[in-house]
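Worksheet: one structure, shown below.
None of the figures in this text is laboratory data; all of them are computed from the coordinates on show. Predicted model, so just to flag it, every value in this text is computed and none were measured. Quick reminder, even Gly has a Cβ in these numbers, built from the backbone with ideal geometry, and neighbours come from all protein chains shown.
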Amino acid sequence: MKLKLDFHVHTSASSDAHTRPDELVPRCKERGLDGLAITDHNVLARGVPSELLIIPGIEVSSRDGHIIGLGVSDTVPRGLSADETILQIKRLGGVSIVAHPYDLLRSALNPEILTTIPDAIEVINSASMLHSIIWKRAKAFAEKRKLPQTAGSDSHIPETIGKAYTIVDIESRDVASVLDAIRNGQVSPEGRPYHFSDRVRKIIR
């Protein structure tokens with residue numbers, strides 16, 4: 001089966017986000033998503049809804065840039081190097097994804113400095129300002145290194161959930177199968193950038 005999952009969503013547990021956990025299910029249904037990953041900044045999701053497939057995650061602030069950990073069993077300390085962060089995510093049983101690589105306007109990692117191979121590269125991130133350049137560069141890096149490619153909305157408000165998503169090809173509808181599918185490259189990124197109105201809406205909130 002193929003599922004449509006947004007692998008980069010923030011809730012109000014992130015200081016710069018405004019989506020309440022109880023808004024996730026209706027927004028997913030509205031967008032035609034089968035589920036999503038909650039990736040709040042440096043904290044694990046708590047009290048997540050059970051009506052949809054929710055992948056527990058975290059967006060870790062390494063000293064080299066942001067790295068997503070999906071399916072981790074504990075928090076990962078901020079301020080480690082990117083390589084150390086990826087290793088820690090793996091030790092916790094999670095999947096490591098380089099978030100919005102090459103983005104000069106945010107705390108983004110240049111994946112070319114890595115000596116530890118991540119599980120995947122986020123090649124589509126809806127919040128990227130210079131998306132036509134950044135997405136192309138991220139995709140080229142992933143293809144060169146033969147790394148799985150994912151997409152996520154990087155949503156901080158309910159209205160932008162599902163702007164980008166990943167098609168995941170799995171046999172069983174559970175978190176473990178999703179993580180294995182990412183590791184095995186059974187994923188396909190899709191999505192589009194935010195509209196100007198989306199950015200304004202976030203600022204107003």
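Calculated FRET efficiency, residue 143 to residue 50, Cβ-Cβ distance, R0 = 41 Å: about 0.65 to the nearest 0.05.
Each Lys and Arg Cβ is given +1 and each Asp and Glu Cβ -1; about its Cα centre, the chain then shows a dipole of about 440 debye. Summarising the amide proton neighbourhood of residue 55: residues at separation of 5 or more, or on other chains, whose placed amide H is nearer than 5 Å comprise 36, 37, 38.
What ranking do 116-123, 134-141, 162-169 get when scored by the average of other Cβ atoms within 10 Å per residue, highest first? Please report the intermediate quantities before stating the final value.
On the way: 116-123: 22.2, 134-141: 18.4, 162-169: 23.9.
Highest to lowest by the protection proxy: 162-169, 116-123, 134-141.
Full extension of the chain between residue 171 and residue 188 gives 4.5 nm of extra length, using 0.36 nm per residue less the Cα-Cα distance. Between rounded, prolate and oblate, where does the range 1-93 land on the alpha carbon gyration tensor, with a ≥ b ≥ c its root eigenvalues, rounded for a/c under 1.5, else prolate if a/b exceeds b/c? Verdict is prolate for the range 1-93. By the beta-carbon count within 10 Å of each Cβ, the least crowded to most crowded order of 1, 129, fewest first, is 1, 129.
Extension gain, residue 105 to residue 117, is 1.9 nm, computed as 0.36 nm per intervening residue step minus the present C-alpha separation.
Taking amide H atoms as placed 1.01 Å from N in the peptide plane, the amide H of residue 62 lies under 5 Å from those of 67, 79, each 5 or more residues away in sequence or on another chain.
Using R0 = 22 Å, the C-beta based FRET efficiency linking residue 75 and residue 16 works out to 0.75.
Pairs of Lys residues in the chain that lie 8 or more places apart, or on two chains, and have C-alpha atoms under 20 angstrom apart add up to 12.
Each label point was placed 7 Å from the Cα along the Cα-to-Cβ direction; for residue 130 and residue 92 their separation is 3.1 nm.
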